[in-house]
1. Just to check your reading of the model, which residue among B:Ser184, B:Ser220 is modelled with pLDDT of 95 or more, within 29 Å of B:Ser362 (Cβ to Cβ) and of a type in the set (S, T, N, Q)?
2. Just the residues that are part of a strand (DSSP E or B) and either within 30 Å of B:Cys98 (Cα to Cα) or open to solvent by 20 Å² or more (accessible area, probe 1.4 Å) (or both), please, taken from segment A:92-106.
3. Residues that are within 14 Å of chain A (Cβ to nearest Cβ): which helices (runs of 4 or more DSSP H) entirely in segment B:64-140 hold 2 or more of them?
4. Within segment B:363-451, considering only helices (runs of 4 or more DSSP H) that don't extend past its boundaries, which have at least 2 residues that are within 14 Å of another protein chain (Cβ to nearest Cβ) and in contact with an Asp or Glu (Cβ under 7 Å, 6 or more places away or on another chain)?
5. When you go through B:Gly283, B:Gly239 one by one, which is the residue that is within 27 Å of B:Glu171 (Cβ to Cβ), in contact (Cβ under 8 Å) with a residue 12 or more places away in the chain and within 19 Å of the chain's Cα centre (by Cα)?
6. Please go through segment B:335-382 and give me each residue that is in contact with a Leu (Cβ under 9 Å, 6 or more places away or on another chain) and modelled with pLDDT under 95, ordered by number.
7. Looking at segment B:248-271 only, could you name the residues that are open to solvent by 50 Å² or more (accessible area, probe 1.4 Å) and more than 7 Å from every other protein chain (Cβ to nearest Cβ)?
Amino acid sequence: MQRPRSETVQGNWEHFPHQADIGVRGIGATKEAAFERAAQALTAVITDPESVAPTQSVTIVCEAPDDELLLVDWLNALVYEMATRKMLFSRFNVHFNDHSLHATAWGEPIEVARHQPAVEVKGATYTELSVKQDERGRWVAQCVVDV
Amino acid sequence: MDLNQLKRRGPDEWHISPHGKMRVPGVIYASEDLIRDMDEKVYEQVSNVATLPGIVRASYAMPDAHWGYGFPIGGVAAFDPDLGGVVSAGGVGFDISCGVRALRTGLTVEDLQPVKELLAEALFHRIPAGVGSTGKVHLDRHEMDAMLAGGARWAVGKGYGTHEDLEFIEEQGCMAGAKPECVSDYAKKRQQDEMGTLGSGNHYLEVQQVVQVFDAAAASAFGFREGDLVVSIHCGSRGLGHQIGTEFLKRMAISAARYHIELPDRELASAPINSEVGQEYLGAMRAGINCALANRQIVTHLVRQVFADLLPQATLSLLYDVSHNTCKVEEHVVDGAPTRLFVHRKGATRAFGPGHPDIPPSFRSVGQPVLIGGTMGTASYVLVGTKESMSLAFGSACHGAGRSMSRHQALKQWHGRDVVKELAARGILIRSPSMRGVAEEAPGAYKDVSEVVDAADEANLAKKVARLEPLVCIKG
């Protein structure tokens, strides 16, 4: 579950180590895809995203002055929705409009016995935070999350 | 960490000379072994904190310091508002006022044996723990604000615990200066169902045995002896604190440029104490402290109900309640003069020495109890604050073992069920809704808490009083 998934057109996600917590990284052909995969990596901190059925949708809008703060806002918006709706999410669709992000997240109510949630995420941090294109032109969006 | 970049000033004291934009030196308290094992990031983060405006004396790290966010976890720094000092949302962290509370039970391990399994099950079922768990206390808008203003004092007023409890909580159970109106509706909504819940990660509820007493006089003042059964609760301000941290981190990261604060790391997000953002954060953060104090008070009430059912002869009295993620206004002597400072402790415990007026009268002659949480397979410790500590790191000590291994690595190394089985064979009952969570929290993923505590003791940050070992552990 911690290893990168095989790369697809939608990109992939992975975790990277942080001593106290865990880093989430989304990689994709577009910035949108990288943000979507980073969200999947966030879910994978808690449970196997494949165990989460995308049956209910939630709309998320956030705004920030730059891409990096926007990534943190996006992940924190998901943390908030997970906490207040008692849900987990597995599918994401992200669009950008200047400095704002419009997204739909699909998921289902948490079922402790089935999802075996390891830990709740307190928030996304600015540690190891970056949103940029790598040498292969792929977008990489990442940060450490506090658990 | 590379020792060549440090100056050794004592067996357990290491200095980082000011370099670059550092305004004060860095000081790390740790044994040579601990410091060798510390991540290089601790050096970087201690140095970064030393660049913040208005920092006084030094940027400190405790023996359990590890790579955190902005501040190292185990970081202590104090700021003078009259010198342009700042308050930092990153310097307090997401889990505002996360802390440890210990309760005496009036029982010994022999009393526990006949009902140990039953007690573990009952605690697991009565105290909500883990992702998605909800408490039975739901607050409307008015009650939420009353809780945020009143802390544990509010909880006692609602019937959760007794007035005697309040004396043994830092701030007597109620942090002054809280401003519920500075806490967003989002934060309040996130807390709606989470009062009286434990949370997850390294949070726990344990029934422990006092296995060794190092300082009989302090143990006697604290009211326990070898063989006694103690209950320890480790949790914080839940969703409300996390949301306050999230929101102010962003506000401060954006407003820093306006206040001409150069941030070497965005996570050090800060604002001048004497600024609108700074004051609003202080009001909200203090409300977050009250939320944590009320939360631990409600959890205590639930624990007492369980004990009343199964071990009615028990008397659960509060030993002490410490918070280890805070910013508090304290008076400290700087250059010979008493000075009002904003002391940030991020993963560090207040450890005031004997005679300090903020310590309950019954402990005042010995010093403040310092509660150090360990892992579910090792031990926790009770320490006591020292006179010297006040002049070392503003009366602070370590807070726990600190991870030595990432969750990622731990999950590769252990299976939750095996951890539970191995600990059961040693007489430690683990109850948790998530086996993956247990694997990530495996005792082997943490530093040796005894080594951390020995270093704190040798450095005189706090002295060892007793070692406590777990018998029952509820993990989120």
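1. Working: B:Ser184 fails: within 29 Å of B:Ser362 (Cβ to Cβ).
Selected residue: B:Ser220, the only one of B:Ser184, B:Ser220 that is modelled with pLDDT of 95 or more, within 29 Å of B:Ser362 (Cβ to Cβ) and of a type in the set (S, T, N, Q).
2. Going residue by residue through segment A:92-106, those that are part of a strand (DSSP E or B) are A:92-97, A:100-106.
Those that are part of a strand (DSSP E or B) and either within 30 Å of B:Cys98 (Cα to Cα) or open to solvent by 20 Å² or more (accessible area, probe 1.4 Å) (or both): A:Asn93, A:His95, A:Phe96, A:Asn97, A:His102, A:Thr104, A:Trp106.
3. Values: elements: B:89-92, B:109-112, B:116-126.
Qualifying helices (runs of 4 or more DSSP H): B:89-92, B:116-126.
4. Where helices (runs of 4 or more DSSP H) fall fully within segment B:363-451 and carry at least 2 residues being within 14 Å of another protein chain (Cβ to nearest Cβ) and in contact with an Asp or Glu (Cβ under 7 Å, 6 or more places away or on another chain), they are B:407-413.
5. Numbers: B:Gly283 fails: within 19 Å of the chain's Cα centre (by Cα).
One residue alone meets the criteria, B:Gly239.
6. B:Gly374, B:Met376, B:Gly377
7. Result: B:Arg251, B:Ala257, B:Arg258, B:Tyr259, B:His260, B:Glu262, B:Pro264.
Here is a yes/no grid of residues against (1) out of contact with any strand residue (DSSP E or B) (no Cβ under 8 Å at 6 or more places or on another chain); (2) among the β-branched types (Val, Ile, Thr); (3) closer than 26 Å to B:Glu226 by Cα; (4) modelled with pLDDT under 95:
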{"site": "B:Ala393", "(1), (2), (3), (4)": "no, no, no, no"}
{"site": "B:Ser406", "(1), (2), (3), (4)": "no, no, no, yes"}
{"site": "B:Ala410", "(1), (2), (3), (4)": "yes, no, no, yes"}
{"site": "B:Trp414", "(1), (2), (3), (4)": "yes, no, no, no"}
{"site": "B:Arg426", "(1), (2), (3), (4)": "yes, no, yes, no"}
{"site": "B:Ala445", "(1), (2), (3), (4)": "no, no, no, yes"}
{"site": "B:Asp454", "(1), (2), (3), (4)": "no, no, yes, no"}
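The values are calculated or read from the model by the stated rules, or taken from the named source; none is laboratory data. No experiment lies behind these values; they were computed from the predicted model shown. Don't worry about glycine lacking a Cβ; one is built from the backbone with ideal geometry, like all the others, and counts go over all protein chains shown. For accessibility, only protein heavy atoms count, side chains too; no ligands or nucleic acids. Shrake-Rupley method; radii C 1.70, N 1.55, O 1.52, S 1.80 Å.
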